[in-house]
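First the structure, in the form of structure tokens, and then the observations on it.
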Amino acid sequence: MHSYRESPVMREPYRIVGLWVRVLLLVILLWGTLVTVLSAAPRTRDVADFRADLRAGRVTYVIYESGHGDVRAMRWSNSPLFWYSMEDPWGQDVDGTYTVARLTADLDASEARPVLRQARLRDNGVPAYPDWPFAVPVPYVSWTVKAAWIAAFVIMLGTARPRLGNRWAWFWLFTVGQIGAVMYLCSEPRSLWRGLGPQAPPPSPLGGGRGCALAVCFQFLTPVAIMGVGIVLPGLLDVLAGP
């Protein structure tokens, strides 16, 4: 009895579909990453600027942290790529400290009420992890990033033999390392820039221990990368958006 095995030609359509699925998931995740990084590196404004944006109907998303009824920190966006924050909400309001009640009243008075989310923020305005990628601050479509991350995670678990590391290594990079999903879609089971061509594994693929150590390194490097992007990218966006 002859065993049936698919020929490389028969597997070609599946590989093409798989390649385009990876590209689609990667684009969604990169978009979510960009929005999250920009939201974590906002430009400083005050309560008056926030209220002016509200009256003009420009505010689409508000993230705030509260304590004892006061707004301790707040960020808002006029679009997914433009984010602002109050450097010190205390004493900025004409009636004293900017409270959650006054924030709610300001939002209720606006014609187009933005999405409001309460979150724990670090001193530098970076959301406490693990928020990514399940709290991408974009109204109504952030679920696409969640779905893309989950799909990439399921694909990783279902891959019989990952090329660069085993499943434990990728598990730590997905969770602790935060950017594992993007890395995986770029490199497994072969690098995207290699297309459908064959690619040999590295001499020493990552195991669970080395994958965990690398994930921890990425976790510490992430705030540094956010600060760098936060300095360079907003200015570039202002130039591109200018007349």
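What to note about this one:
Condition check ((1) assigned to a helix (DSSP H, G or I); (2) in contact with a Leu (Cβ under 6 Å, 6 or more places away or on another chain); (3) modelled with pLDDT under 85) across all residues:
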residue	(1), (2), (3)
Val9	yes, no, yes
Val27	yes, no, no
Trp31	yes, no, no
Leu34	yes, no, no
Asp49	yes, no, no
Gly57	no, no, no
Val62	no, yes, no
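- Qualifying residue in region 148-155 (condition: within 17 Å of Arg15 (Cβ to Cβ) and either loosely packed, with under 15 Cβ neighbours inside 10 Å or more than 22 Å from the chain's Cα centre (by Cα) (or both)): no
- For Arg167, the criteria (1) touching a Pro at 6+ places or on another chain (Cβ under 7 Å); (2) open to solvent by 60 Å² or more (accessible area, probe 1.4 Å); (3) not acidic (Asp, Glu) hold in every case but one, which is (1).
- For region 96-115, the tally of residues that are open to solvent by less than 40 Å² (accessible area, probe 1.4 Å) and in a helix (DSSP H, G or I) stands at 4.
- Answer residue from region 69-91, given it is touching a Leu at 6+ places or on another chain (Cβ under 9 Å) and open to solvent by 40 Å² or more (accessible area, probe 1.4 Å) and is modelled with the highest pLDDT among those: Phe82
- Scanning region 47-70 for residues that are in contact with a Lys or Arg (Cβ under 6 Å, 6 or more places away or on another chain) and of a type in the set (Val, Ile, Thr) returns a single hit, Ile63.
The values are calculated or read from the model by the stated rules, or taken from the named source; none is laboratory data. Given the structure is predicted, the values throughout are model-derived calculations rather than measurements. Every residue, glycine as well, gets a Cβ built from its backbone with ideal geometry; the counts of neighbours run over all protein chains shown. Quick note on the areas: whole protein, heavy atoms, side chains included, nothing else; ligands and nucleic acids left out. Shrake-Rupley method; radii C 1.70, N 1.55, O 1.52, S 1.80 Å.
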